[in-house]
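Just below is one structure, and these are the notes that go with it.
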Amino acid sequence: MADDEDKQNRRLKLKFNLEELRKMKGSGTELVTVYLPPDRQISDVRQLLQNEHGQAANIKSKSTKKNVQGAIESALSTLNNYKNAGERGLAIFVGAIIVGNNKTRMINITIDDPPDEIQSVRYRCDSTFELDQLEDMLIEKASYGLFVIDRSESCYGIASGKKIHVQEYLPSQVPSKHGRGGQSAQRFERLIEEAAHNFFKKSAERACNYWLPLISDIKGIIVGGPGATKDYVVNKNYFHHEIQKKIISTRFDVGYSNESGLRELVENAGSVMEEIELDGERRIVEKFLMEVVKPYPKATYGEKLVIDALNQGAVNTLLLSENLRKQMLVLECKECKHNWEVSINRMEALPPCPSCNEGENINEISSKSLIDELTEIASRSSGKTILISTDTEEGATLYRGFGGIAAMLRYPMS
């Protein structure tokens with residue numbers, strides 16, 4: 001279980017890095033990507049980069065040549081920090097990215113603990129970073145099929161990790177149960193039941209065709225709906241026999257059989273979906289929201305107040321939004337040699353020196369994600385950290401209303 005949690009944490013960190021790397025662009029072919037699998041020597045890649053550095057001397061544009069050689073030198077400097085590529089390999093992304101207002105900023109992002117093994121050596125210099133090998137590592141495996149239905153509509157999809165994917169919504173053409181145009185009630189009832197049968201068959205077949213290619217990774221199929229139709233469809237074997245085996249015995253009542261119904265289904269079935277953490281997230285955020293409005297709350301929020309509480313060892317549970325993307329940087333002014341710390345997004349330009357107001361000659365000494373920084377501080381006093389997605393209303397409230405940083409405290413703080 002600990003290994004699973006460790007891998008999930010590595011996948012989450014990779015997800016954050018990839019979200020930022022996708023947005024980064026260079027002015028020309030100035031961004032350097034390096035992949036090193038675990039079975040290759042650091043010296044091999046160092047030699048490759050040294051050769052590429054020599055080749056870059058032939059670039060006609062002076063600014064492009066300077067940025068490419070600077071990026072390669074930064075990658076070589078990074079490699080000097082490693083004796084080998086580690087258990088799963090190493091990926092380096094370095095170059096001068098555009099940050100707006102005709103400004104660029106040299107960044108160096110190193111992924112030295114990916115969730116899975118890097119497969120091949122790769123060097124590329126382009127206007128964007130090459131991310132394919134890492135993107136493949138984010139594909140969720142264990143998942144649950146979701147299916148809601150009544151006579152008027154149906155909807156199906158899949159829940160994987162913390163994400164709900166709605167594949168298709170199907171409205172029915174089943175008529176209401178009342179007489180029409182002089183037809184006998186018995187004949188009209190037969191037509192209704194035939195239309196209902198065709199709709200149930202169509203809905204189940206569409207869902208099965210979607211799930212069957214994924215069957216090895218689906219841990220179970222969860223069925224719900226507002227009435228008895230959900231039980232009828234399951235009991236009458238409308239589903240493919242392989243899918244039928246995966247249907248969880250408990251069916252859940254939900255208000256609708258559309259996208260809202262799928263989300264309600266996940267809420268109601270939270271206890272049986274081992275891989276789905278939405279239910280637990282919802283409860284912890286609700287607990288925080290109830291606590292923070294008390295006269296003497298054992299809760300606080302906001303970057304500054306939470307860091308103060310962490311430094312005092314007062315934090316019992318740290319709540320961080322997965323959408324938090326800030327970096328904690330240590331910067332140095334080359335003019336006055338002043339050092340200071342700041343938290344900004346990677347796509348922002350570096351701020352001017354607070355001592356001499358110099359805005360150009362700023363050197364980035366170190367960089368760490370704000371999530372990693374706060375988690376590390378919390379661990380020093382045995383505080384627990386929970387990462388909250390924005391897939392629930394409560395998670396979205398934590399991010400939008402509280403800046404994505406909150407804490408449950410061991411005691412009230414003034």
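The values are calculated or read from the model by the stated rules, or taken from the named source; none is laboratory data. Being a predicted model, the structure only gives us computed values, none of them experimental. With ideal geometry, Cβ positions are generated from the backbone for all residues, glycine too; neighbour counts draw on all protein chains shown.
The residues listed here are S367, S379; of these, the one that is more than 18 Å from the chain's Cα centre (by Cα), in a strand (DSSP E or B) and under 17 Å from K13 (Cβ atoms) is S367. Of the helices (runs of 4 or more DSSP H) lying entirely inside segment 212-319, those containing at least 2 residues that are surrounded by 19 or more Cβ atoms within 10 Å (Cβ to Cβ) and touching a Cys at 6+ places or on another chain (Cβ under 8 Å) span 259-268.
Would a scan of segment 350-360 turn up a residue that is of a type in the set (D, E), more than 23 Å from R283 (Cα to Cα), without any contact (Cβ under 8 Å) to a residue 60 or more places away in the chain and part of a loop (DSSP other than H, G, I, E, B)? Looking for residues that are of a type in the set (D, E), more than 23 Å from R283 (Cα to Cα), without any contact (Cβ under 8 Å) to a residue 60 or more places away in the chain and part of a loop (DSSP other than H, G, I, E, B), one finds at least one in segment 350-360, hence yes.
When restricted to residues that are in a loop (DSSP other than H, G, I, E, B) and either outside the structural domain of K236 (by TED's automatic domain parsing) or at pLDDT 80 or above (or both), segment 165-202 contains 2. Number of residues in segment 344-363 that are under 27 Å from A309 (Cα atoms) and either surrounded by 15 or more Cβ atoms within 10 Å (Cβ to Cβ) or in the same structural domain as E19 (by TED's automatic domain parsing) (or both) equals 2. Within segment 79-108, the set of residues being surrounded by 19 or more Cβ atoms within 10 Å (Cβ to Cβ) and within 19 Å of G26 (Cβ to Cβ) comprises A91, I92, F93, V94, G95, A96, I97, I107. Would you confirm whether any residue within segment 379-396 is in contact with a strand residue (DSSP E or B) (Cβ under 8 Å, 6 or more places away or on another chain), under 29 Å from E291 (Cβ atoms) and without any contact (Cβ under 8 Å) to a residue 40 or more places away in the chain? Checking segment 379-396: at least one residue is in contact with a strand residue (DSSP E or B) (Cβ under 8 Å, 6 or more places away or on another chain), under 29 Å from E291 (Cβ atoms) and without any contact (Cβ under 8 Å) to a residue 40 or more places away in the chain.
State whether one or more residues within segment 308-321 are in contact with a helix residue (DSSP H, G or I) (Cβ under 9 Å, 6 or more places away or on another chain) and under 30 Å from G26 (Cα atoms). Explain how you work it out, then say what you get.
Within segment 308-321, the first condition is being in contact with a helix residue (DSSP H, G or I) (Cβ under 9 Å, 6 or more places away or on another chain), and the residues that meet it are 310-311, 313-315, 317-321.
Within this subset, residues satisfying the condition of being under 30 Å from G26 (Cα atoms) are 321.
Within segment 308-321 (the criterion being in contact with a helix residue (DSSP H, G or I) (Cβ under 9 Å, 6 or more places away or on another chain) and under 30 Å from G26 (Cα atoms)), the answer is yes, since at least one residue qualifies.
Quick check on my filter: what residues within segment 331-343 are loosely packed, with under 12 Cβ neighbours inside 10 Å and within 32 Å of the chain's Cα centre (by Cα)? Correct list: E341 only. Looking only at segment 212-231, residues that are free of Cβ contacts under 8 Å to residues at least 12 places away in the same chain and under 14 Å from K201 (Cβ atoms) come to 0 in all. Count of segment 364-385 residues, restricted to those that are modelled with pLDDT of 85 or more and crowded, with 17+ Cβ neighbours inside 10 Å, is 9. Considering segment 9-128, the qualifying strands (runs of 3 or more DSSP E), each wholly inside and each with 3 or more residues that are polar (S, T, N, Q) and within 29 Å of the chain's Cα centre (by Cα), run over 103-111. Collect the residues in segment 263-287 that are in contact with a Phe, Trp or Tyr (Cβ under 8 Å, 6 or more places away or on another chain) and at pLDDT 90 or above, keeping them in residue-number order. Listed by number, the residues that qualify are E264, L265. Residue count for segment 397-414 under the criterion of being touching a residue at least 24 places away in the same chain (Cβ under 8 Å) and not in a strand (DSSP E or B): the result is 10. Here segment 396-414 is the region considered, the condition is being over 14 Å from I307 (Cβ atoms) and among the small types (G, A, S), and the residue that is surrounded by the most Cβ atoms within 10 Å (Cβ to Cβ) is A396.
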